[in-house]
Amino acid sequence: MSTTQDCIFCKIVAGSIPAHRVGENEGALAFLDVHPLVDGHVLVVPKTHVGLVADLDDEAAAAVFHLARDVTRAQRAQLGAEAVTIGVNDGPAAGQVVPHVHVHLIPRHAADGGANVHAIVSTPATRSLDAVAALLRGAGDAGGSSGA
Ligand code: 5GP
Ligand code: ZN
């Protein structure tokens with residue numbers, strides 16, 4: 001397992017610093033965010049050090065999302081979450097502070113006064129959907145070429 005010596009989340013995975021661990025599978029660990037936005041704010045990380053989602057291998061990507069799914073079930077069942085915001089600050093420009101991939105799982109309630117993902121940027125889109133789709137098309141094993 002690769003780690004970086006100064007990565008706080010690698011240290012949590014290794015158990016060399018404490019965290020409130022709430023779940024794990026072979027490739028991922030879930031623990032409480034030390035500065036929770038709400039009760040039950042959980043982070044899910046790959047057990048191997050990876051900085052960006054783009055650099056996750058298939059196994060780590062699957063492990064992280066499977067564990068995220070399982071944690072949301074517990075947040076709904078045990079904490080009464082009505083919904084969950086699932087988010088990754090994927091790179092410094094997106095607000096990533098800890099350079100080890102982590103999925104925020106934030107329990108939500110209709111009256112919590114929060115916003116949705118549409119609130120995270122304020123500059124408008126400028127290119128046509130056709131132009132952008134042409135640039136991005138091809139992602140995924142199936143090629144992503146069907147549809148409009
Ligand atoms: P980012 O902005 O990188 O997406 O968020 C990093 C998150 O990690 C923050 O919400 C922060 O509270 C959390 N965090 C930072 N250091 C620690 C730590 O040592 N332990 C835990 N449990 N969470 C941490
Ligand atoms: Zn790390």
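We did not get these values from a lab; they are worked out from the coordinates using the rules stated. Just so it is clear, the structure is predicted and the values come from calculations on it, not from any experiment. Positions of Cβ are generated from backbone atoms using ideal geometry, with glycine treated the same way; all protein chains shown enter the neighbour counts.
Being within 14 Å of ligand 1 (Cβ to nearest atom) and in contact (Cβ under 8 Å) with a residue 40 or more places away in the chain is a condition met by no residue of segment 73-81. Restricting attention to segment 77-88 and to residues that are in a strand (DSSP E or B) and touching a His at 6+ places or on another chain (Cβ under 9 Å), the residue that is surrounded by the most Cβ atoms within 10 Å (Cβ to Cβ) turns out to be Thr85. Residues being of a type in the set (S, T, N, Q) and either crowded, with 18+ Cβ neighbours inside 10 Å or in a strand (DSSP E or B) (or both) are represented in segment 69-76 by at least one member. Pick from segment 56-72 the residues that are of a type in the set (Asp, Glu) and free of Cβ contacts under 8 Å to residues at least 40 places away in the same chain: which of them is nearest to ligand 2 (Cβ to nearest atom)? By that ranking, first place goes to Asp57.
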